[in-house]
Amino acid sequence: MSVLYSPTSLEKGLKVLFLEHFTSEASLAPQLCHIENSESDSEKYEWLGQAPSVQEFLDERRPIPLSSGSYTITNKTWESTILVSRADLEDNRTGSVRRRIQQMAAAAAGHQNKLIIDALINGTSDLCYDGAAFFANSHPARGDNGGFDNLLAGSGTTTAQFSADFAAAKAAMLNFLDEGGNPFHGDGVQGLTCVVPPALEKAARETLNSGMISNTSNIQVGAADLVVSPRLSDADDWYLLRTDSVRGLIFQDRLPIEFTALEGQTDTGFNRDQWRYGIRARYNVGYAHAQCAVKTVN
């Protein structure tokens, strides 16, 4: 005899299944991005320009207004929906439904990571708060900052070349100035992360983990964490990001992922014998401080 499912029990079970598989891919947002909670359809970030410098207190305070640079991230709505025939449920074909829910959960878990990696890939054309591309050879001068270059040419993809390019990227980042003409990163950073494609994993791991490179002591052991992403479309280009208190990317979270269902007690269920299961969320990814990111192009 066929097994009949009540709408309530089926939705509840599939929701549990979805949540179990949703965590299958670890989110990159906590590691790479500022996470900003959003309360509207978009958020305007005016804190990306110059912070006030410390100055001697003379006759009275001299307040400095917010920088003229600002950046707006508009939230987007995302969804994924599957259609299930009631006849399939009546014929006890729940295995295929469960597999599709698992696939939906895996896709949803990876979607935020896809947006983050896409932001890096598209950073050579998408603009940031200063009006230049996020990765650019010439970010405009602002205040006492004469501009900076965070799009560097690499020397190659061997371990020795990657090691030299990592040192160059880190040095370039540490030399960036703020709008007051002071080092943007102060006396250094407490957290860096390399984001590389699979083809560069070996060179990156040897650079960051090996005690010796080409019979020479490697002083860069532990200098950065490593993220290997198959979503990077170019096998030779890679990224160095500051990932401690100041970061280059923003993950803007408006509404978390919600799992919902339209089953037998709906118009679709009654008139078409079709039950629908889907997810919905609102969020987006954008750019914060370009001084916290360097792209190396080979």
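In a fully extended conformation the segment linking Ala167 and Lys202 would gain 10.9 nm over its present Cα-Cα distance, using 0.36 nm per residue. A full extension of the chain between Ser80 and Leu255 corresponds to an added length of 61.5 nm, given 0.36 nm per residue minus the alpha carbon distance. Heavy-atom accessible surface of the chain, averaged per residue, reaches 51 Å², computed with a 1.4 Å probe. Under a 5 Å amide H cut-off, with hydrogens placed 1.01 Å from N, Arg247 pairs with His289 among residues at least 5 apart or on other chains.
Normalising the average separation of contacting C-alpha pairs (under 8 angstrom, six or more residues apart) by the number of residues puts the relative contact order of the range 108-186 at 18 percent.
Take every pair of alpha-carbon atoms less than 8 Å apart whose residues are at least six positions apart; their mean separation over the length of the chain yields a relative contact order of 26 percent.
Note on exposure: Asp59, Asp41 ranked by accessible area (1.4 Å probe, complete protein assembly) read Asp59, Asp41, with the most exposed listed first.
Net charge dipole, the chain: roughly 860 debye, given to the nearest 20, about the Cα centre with Cβ charges of +1 for Lys and Arg and -1 for Asp and Glu.
Give me the extension gain from Glu20 to Asn137: residue separation times 0.36 nm, minus the current Cα-Cα distance, reported in nm with one decimal.
Working: separation 117, 0.36 × 117 = 42.12 nm, distance 4.44 nm.
So the extension gain works out to 37.7 nm.
All C-alpha pair distances within the chain, sorted into 10 Å bins from zero, spread as 6, 23, 25, 19, 13, 9, 4, 1, 0 percent across the bins.
In the chain, the portion of solvent-accessible area held by carbon and sulfur atoms comes to 48 percent [1.4 Å probe, whole percent, DNA, RNA and ligands not counted].
Just how much of Lys202 is accessible, in Å², when a 1.4 Å probe is used and the result is rounded to the nearest 10? That residue has around 130 Å² of solvent-accessible surface.
Say R0 is 35 Å: what FRET efficiency, to the nearest 0.05, do Val297 and Gln102 get from their beta-carbon distance? Result of the calculation: an efficiency of 0.40. A simple spin-label model places pseudo-atoms 7 Å from Cα toward Cβ; at Ala223 and Asp187 they are separated by 2.1 nm.
Each label was represented as a point 7 Å from its Cα along the Cα-to-Cβ direction; for Asn209 and Ala87 these points are 5.3 nm apart.
The values are calculated or read from the model by the stated rules, or taken from the named source; none is laboratory data. As the structure is a computational prediction, the values presented were derived from the model and not from experiment. Cβ sites come from the backbone with ideal geometry, for glycine too, and all protein chains shown count toward neighbours. Side chains included, ligands, DNA and RNA excluded: accessible areas come from the protein's heavy atoms. Shrake-Rupley method; radii C 1.70, N 1.55, O 1.52, S 1.80 Å.
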